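So the structure is just underneath, and the comments pick up after that.
The values are calculated or read from the model by the stated rules, or taken from the named source; none is laboratory data. It should be emphasised that the depicted structure is a prediction, and the values quoted were computed from it without experimental measurement. Every residue, glycine as well, gets a Cβ built from its backbone with ideal geometry; the counts of neighbours run over all protein chains shown. Heads up: the accessible areas ignore ligands, DNA and RNA and are worked out on the full protein's heavy atoms, side chains in. Shrake-Rupley method; radii C 1.70, N 1.55, O 1.52, S 1.80 Å.
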Amino acid sequence: MLKIFISNENIVFKEELYTFDENNLERIVKSLNNKYDNVILFGHNEAITNFVNKFGDIFIENVPTSGFVSLKFDSDNWQFIDKGKTIKTLFPKDLK
């Protein structure tokens, strides 16, 4: 079993992510510091579902509570992300 530990000093809390607006979420993601190769976002619907549908290559009707979607971008600059690839989805219904 793979275990990943993330230290508290690597966690950044942003009140701006408490949004239901995918345009605001996109603005926040595109303003990320390029020193980060990977980010994990926790947010709200409709913003999350609309974001993964705009930037992923698989249509997802709804990202449910506790749902996970991994996207990969061919860009080293967050400001210039465009259509990426949906690498993985994991939803509570998949764990039954």
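Descriptive notes on the structure:
- Stretch gain in nm, segment ASN33-SER7, where the contour uses 0.36 nm per residue and the Cα spacing is subtracted: 7.5 nm
- Once the 1.4 Å probe is applied to the protein heavy atoms, the chain comes out at 81 Å² accessible per residue.
- Cα centroids of the range 1-28 and the range 56-96: 14 Å apart.
- Relative contact order %, the chain, counting alpha carbon pairs below 8 Å whose residues are six or more apart: 25 percent
- For the chain, the carbon plus sulfur part of the accessible surface works out to 52%, probe radius 1.4 Å.
- Reported label for calculated semi-axes √(5λ) of the Cα gyration tensor in Å given [x] 27, 17, 10; [y] 20, 18, 15; [z] 29, 14, 7: [y]
- For the chain, built as a Gaussian network whose Cα springs stay under 10 Å, the top-fluctuating residue of THR86, THR49, THR65: THR65
- Charge dipole (debye, nearest 20) of the chain; +1 at Cβ of Lys and Arg, -1 at Cβ of Asp and Glu: 340 debye
- Positive-end residue, the chain charge dipole about Cα centroid, Cβ charges, pick of ALA47, ILE4, ASN24: ILE4
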